[in-house]
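> To start, I am sharing the structure in question, which I have written as structure tokens.
The values are calculated or read from the model by the stated rules, or taken from the named source; none is laboratory data. This structure is a prediction, so every number in the text was calculated from the model and none was measured. Here Cβ is always computed from backbone atoms with ideal geometry, including for glycine, and neighbour counts include all displayed protein chains. Ligands, DNA and RNA are excluded from the accessible area calculation, which covers all protein heavy atoms including side chains. Shrake-Rupley method; radii C 1.70, N 1.55, O 1.52, S 1.80 Å.
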Amino acid sequence: MTSSRMVAHEKEMMTFSVTDQCNVRCAHCLALCSPKQTTMLTADEMYESYLSIAATRPVRTVVFTGGEPTLLGEELLEAIARISLEGPVTRVVTNASWATDDDAANVMVQQLRSAGLAEINFSMDDYHASWIPPENVRRAFDASRGQGFEAVVIALAEGPRSTITREWVQHEIAPGVQFVDQRSSRAGAHPPRSADGTLYEIAHHGYSRVGRARGFGEEDIVPDESMLAQYCCCAEILSQPVVDARLDAGICCGLSVRNNRVLRIGSLRESTYAELADAAQHDVLIRALRFLGPKYLLDVARSIDPRVRMRPEYAGICEVCEDVTASRRALAALDTAKARIALDVALAERAQQGDDDRILGRDAEPRTAHAGT
């Protein structure tokens, strides 16, 4: 399931992957969800997890995704209501499988809105359409108009061979609604709000070969040459916490943290988020992802073990990250190079601090010189 990056304070966002259960089994699901999964969070677990995270950092947007979050029923509605009352903008990412007719669409939208939901995203692409008629998304989108949401978004994934394209969606599902590329959306570029005060948008992005889509071919993606040409640090690491259906905490909302030794930082059943985050702040591989990026780690791993896989092309940073953090061979190589990595990270942090000082008009030289004595 996909989520657009939109309205409020994305750097102060947290995500609940509320369940691994989904009523469909899309071939590109990053979270490996399916109807056979049964794990779900309760409203109490979500509320207490939110409080644990909010005690350590500002949280101004809370996202509920999955799996299919509406399968939680009253537990989801209660969590939205309780967390909304604390102040954050709340967002649900849904496949609209529930919008089987106009009445069903209206009932679900009214329930979500009455609970306090501020933003709703509808996932749509060829793989969802194999299970859920696009008409469902149209009904859900139409039912959401004029209901007082801050944002109503179709989150469209499209590849080179897609039949459900942005032009098709603009013609068949959401006439007159503006398309926004995900990169522009991340930079804060959005259409103007409509006369009813709501932002309506088709948020567009390509496919990533992560999760169940890891084996997709190069013909399914639009390559990003910068992924191999330069080190791209990941600012989302540690800045956008995720809690999955097992109450495991993670440091990234772009990949599943399940069984991922790097991205999973521990269980909220056993520790507070403050304890987990403090340990993560000192983890050399996590710090390397944040300040140097996954391509740096991939290069280090391959310099030690040339058998570590690197693809000839990458569609985005999440693909590179999963190729490193989900590879036992890569992690075994990195475990032998942590002193080297720690030094490179320290240099990168110092350089970034110098850049920040220059941007703020401070003289960083005295601090740097003092730190080196």
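> So what is the accessible area of the chain per residue, in Å², with the probe set to 1.4 Å? Numbers along the way, then the final one.
On the way: 16350 Å² over 373 residues.
Here the residues of the chain average 44 Å² of exposed surface.
> At 1.4 Å probe size, with the rest of the protein present, what percent of the exposed accessible area of the stretch 1-111 is carbon and sulfur atoms?
On the way: 2130 of 4230 Å².
Looking at the stretch 1-111 in its full context, I get 50 percent from C and S.
> Shifting gears a bit: Restricting attention to the stretch 1-106, which trypsin sites (Lys or Arg not before Pro) occupy a DSSP loop and are surrounded by at most 11 other Cβ atoms within 10 Å?
Values: sites: 5, 11, 25, 36, 60, 82, 91; in loops: 5, 25, 36, 60.
For trypsin sites (Lys or Arg not before Pro) across the stretch 1-106 that sit outside H, G, I, E and B with at most 11 neighbouring Cβ atoms in 10 Å, the list reads 36.
> Please return the longest range in the chain lying between exposed loop sites, taking GluC sites (Glu not before Pro), DSSP loop only, at most 16 other beta-carbon atoms within 10 Å, and leaving the sites out. Let's see the in-between values first.
Details: sites that count: 86, 225, 270, 313.
With GluC sites (Glu not before Pro) excluded where exposed in loops, the chain gives 87-224 as its longest stretch.
> Considering the chain as a Gaussian network with a 10 Å cut-off on Cα pairs, which listed residue, 283, 244, 196, attains the greatest mean-square fluctuation?
For the chain, modelled as a Gaussian network with Cα springs under 10 Å, the answer is 196.
> Please work out the C-alpha center-to-center distance from the stretch 304-340 to the stretch 56-97 and express it in whole Å.
With the stretch 304-340 and the stretch 56-97 each reduced to a Cα centre, they are spaced 33 Å.
> By how many degrees, between 0 and 90 and to the nearest 10, does the Cα long axis of helix 338-359 differ from the longest principal axis of the chain?
In the chain, helix 338-359 runs at an angle near 70 degrees to the longest axis.
> A follow-up question, please. Evaluate 2.2 N^0.38 Å with N set to the residue count of the chain, then give the Cα radius of gyration divided by it.
With N residues counted in the chain, Rg over 2.2 N^0.38 Å equals 1.00.
> Follow-up. If you restrict to DSSP beta bridges whose two residues both lie in the chain, what percentage is antiparallel, to the nearest 5? Don't jump to the answer; show the numbers that get you there.
Working: 6 of 38 bridges.
If I count the DSSP bridges inside the chain, around 15 percent turn out antiparallel.
> Also: Probe 1.4 Å, all protein chains in place: accessible area of residue 102 in Å², nearest 10?
Only protein atoms counted, so the area is about 90 Å².
> Now for a different question. Roll a 1.4 angstrom probe over the protein heavy atoms and tell me the percent of accessible area of the stretch 277-322 that is carbon or sulfur.
Values: 920 of 1830 Å².
Using a 1.4 Å probe with all protein chains present, the stretch 277-322 comes out at 51 percent carbon and sulfur.
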